[in-house]
Amino acid sequence: MVVVSLVALVALLGAAGWTLTARRAAPGYLLLALAVLWLFANAGLEGPVLWSLDPRHGLVLADLLTPVCVLLALWRLRTVRRDRRRDLRGAGQVAGNGAGNGAGSGAANRVRVDRQR
C-alpha cells in the first residue's frame, strides 16, 4: 500500500510541477484528476490526524494536498483561458484594422491606420 501511495504522490507532484511550468491546459486537467485520485491512494502516507470526525474517520495531513493541487490546477486553467481570450482579441484587432499586413514596421502601420480614419 505504501508503494501505491508513493507512486501516486510522485505523479501528483510531477503533475504539479508540470502545471506550474507549462502554459497549457493539459497539465491542469491531469493535476485535477490526480488530486482526486490522491484522496483514495494516500492511505499509506496519511500522517497525523488533524481533525477527528469519529474514531474511524478524520482529516489527515495528506488530505490537505488535494485542495492545494485543485487550486493550482484551477489557477492554471483560468490563466490559459484568459491568455487565449487575449490572443483572440489581439488577433481580431490586428486583422480588423489593417495593421500587421507585412508592409513596414508597426509604427508605419499605425500611422497608415490613423490616416484612414
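The values are calculated or read from the model by the stated rules, or taken from the named source; none is laboratory data. Computed from a predicted structure; not experimentally measured. Note: ideal-geometry Cβ built from the backbone for every residue, glycine included; neighbour counts use all protein chains shown.
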Which condition does R82 not pass, out of (1) under 26 Å from L20 (Cα atoms); (2) touching a strand residue (DSSP E or B) at 6+ places or on another chain (Cβ under 8 Å); (3) not aromatic (F, W, Y), if it passes all the others?
-> (2)
Output the qualifying pairs, or none if there are none: Cβ atoms under 9 angstrom, residues six or more apart or on different chains, first residue in region 38-63 and closer than 13 Å to V4 by Cα, second residue β-branched (V, I, T) and assigned to a strand (DSSP E or B).
-> N42/V60; E46/V60
Residue count, region 1-60, condition of a type in the set (S, T, N, Q), crowded, with 16+ Cβ neighbours inside 10 Å and modelled with pLDDT under 95, comes to 2
How many residues does region 50-63 contain that are outside any helix (DSSP H, G or I) and touching a Leu at 6+ places or on another chain (Cβ under 7 Å)?
-> 4
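Mind counting the residues in region 15-38 that are touching a Leu at 6+ places or on another chain (Cβ under 9 Å) and either part of a helix (DSSP H, G or I) or among the hydroxyl-bearing types (S, T, Y) (or both)?
The qualifying residues number 14.
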When T79 is evaluated against the numbered criteria (1) at pLDDT 90 or above; (2) farther than 15 Å from L31 by Cβ, which criterion, by number, is the only one it fails?
-> (2)
